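Quick notes on the structure that follows.
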Amino acid sequence: MKKITHAVIPVAGFGTRMLPLSKAVPKELLPLGNRPAIHYVVEEAIAAGIKHIVLVGHAQKSAIENYFDINAELDNQLRVKGKDALADSLNWLPEDVTISTIRQGKALGLGHAVLAARPIIGQHDFAVLLPDVVLDPFTTDLKNDNLAFMLAEFAKRGHSQILVEKVADEDVSKYGIAKLDENVSFENSIDTNVSFKVAGFVEKPSLAEAPSRLAVVGRYAFSNQIFDYLADTTASVGGEIQLTDAIDALISQQGVEVTTMLGCSYDAGDMRSYMQAFIYFAERQLDGDK
Ligand code: G1P
């Protein structure tokens, strides 16, 4: 099985939960400490070995692709003023990493956004990183371990991997929730990722309907066949084409596993948790981290 080197980051959403902050600034560019939120997500992908990132965007969010481009005029101006180190720090993307953009067109849901990347991803297997979710980059290298572990598991056995985290009862209705095989009992593991087969997912269930407390975090490693299932998926929960429905179809045809998450995740797409995350990132950076 080949190593995954491609990733899709859907960035087309309007971020209505982040208004008014997200009215003129894409929510993915809102700061977490001293960097835009999506900066950490792209760093995470690159650290896990991703070489080609496809941003699935929107006409009104071109500031995101500009963030990852070189601003030649600014670069030149900084260097003329002798600020070479600052100019260098802005050109941090490694030479061997490509960032492409494609537009989603219609806002028909997360599944539709991932499918929009197909013309660029082609026949490759690929990862998906949802930029609302930022994994803690400060706690001992944990940032890189989850996605890197998922990609290594995928490379070993060819089973798609979905990162999951145990959430509180009041939060299950915000997420895709994993349905485990009856013989799997899961306890939070604190020092190692674990992967095991999953029976299915339910998108944003009520607490009564939730099959477990294991929520989809927003990191996926997919075999290319997910595109075929996405192409056949029709709108369901919330009137949207859901990625979780295509994953359920993939499960019925080939092995799909959940990977338990290490460390903490922060939801930068929701005002309350975004503000908490901002304070955490800012405090760590004021203390000298990164
Ligand atoms: C999406 C997915 C959901 C997942 C969540 C993680 O939902 O559909 O399964 O748990 O991301 O953030 P959204 O937050 O886009 O509504």
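Values in this text are rule-based calculations from the coordinates and carry no lab data. As the structure is a prediction and not an experimental result, all values here were calculated from the model. Virtual Cβ from ideal backbone geometry, glycine too; neighbours counted across all protein chains shown.
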ask   = Each residue of the range 150-165 in turn: what ³J(HN,Hα) in whole Hz from Karplus with 6.51, -1.76, 1.60 and θ = phi - 60°, glycine and Pro shown as x?
value = 4, 5, 5, 4, 4, 5, 6, 10, x, 8, 4, 10, 10, 6, 10, 9
ask   = Using only the Cα atoms, what convex hull volume per residue in Å³ does the chain have?
value = 139 Å³
key: Within the range 185-290, GluC sites (Glu not before Pro) in DSSP loop having at most 11 other beta-carbon neighbours inside 10 Å   = 187, 209
note = Counting sequence-distant residues (5 or more places) and residues on other chains, those with an amide H built under 5 Å from that of residue 256 are 198
key: Helix-only CD estimate at 222 nm, as mean residue ellipticity for the chain, using -39500 (n - 2.57) per DSSP H run (n ≥ 4)   = -9000 deg cm²/dmol
query = What base-10 log of the normalised intensity I(q)/I(0) is obtained for the range 181-290 from the Debye formula, alpha carbons as equal point scatterers, at q = 0.10, 0.14, 0.22, 0.23 Å⁻¹?
reply = -0.41, -0.77, -1.32, -1.37
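Dividing the alpha-carbon radius of gyration of the range 85-176 by 2.2 N^0.38 Å (N being the number of residues), what value is obtained?
That works out to 1.35 for the range 85-176.
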ask   = Which entries in the list 179/204; 3/106; 2/174 go over 23 Å, if you measure between the two C-alpha atoms of each?
value = 3/106; 2/174
query = Amide H to amide H, which residues 5 or more places from residue 194 or on other chains are under 5 Å from it, using H placed in the peptide plane?
reply = 260
query = In degrees from 0 to 90, rounded to the nearest 10, what is the angle of the helix 271-286 Cα long axis to the longest principal axis of the chain?
reply = 50 degrees
query = What do you get when you divide the Cα radius of gyration of the range 1-155 by 2.2 N^0.38 Å, with N the number of residues?
reply = 1.08
note = If one compares the long axis through the Cα atoms of helix 243-253 with the longest principal axis of the Cα atoms of the chain, the angle in degrees, nearest 10, works out at 50 degrees
ask   = Each label point is 7 Å from the Cα along the Cα-to-Cβ direction; what then is the distance between the points at residue 231 and residue 168, in nm?
value = 4.4 nm
note = In order over the range 84-95: 3J(HN,Hα) from phi, Karplus 6.51/-1.76/1.60, θ = phi - 60°, whole Hz, x for each Gly or Pro, gives 5, 5, 5, 4, 4, 5, 7, 9, 8, 5, x, 4
key: Protection-proxy order for peptides 167-177, 14-24, each taking the mean of Cβ atoms within 10 Å per residue, highest first   = 167-177, 14-24
message = Relative contact order for the chain: what percent, with Cα pairs under 8 Å and sequence separation of 6 or more?
response = 25 percent
key: Full-extension gain in nm, residue 194 to residue 96, via 0.36 nm per residue minus C-alpha separation   = 32.2 nm
request  = Return the percentage of antiparallel bridges among DSSP beta bridges fully within the chain, rounded to the nearest 5 %.
outcome  = 55 percent
ask   = Taking only Cα atoms, what is the 0 to 90° angle, nearest 10, from helix 37-47's long axis to the longest principal axis of the chain?
value = 70 degrees
request  = Starting from the Cα gyration tensor of the range 8-78, take the square roots of the eigenvalues, sort them a ≥ b ≥ c, and report rounded, prolate or oblate (rounded when a/c is under 1.5, otherwise prolate if a/b is larger than b/c, else oblate).
outcome  = oblate
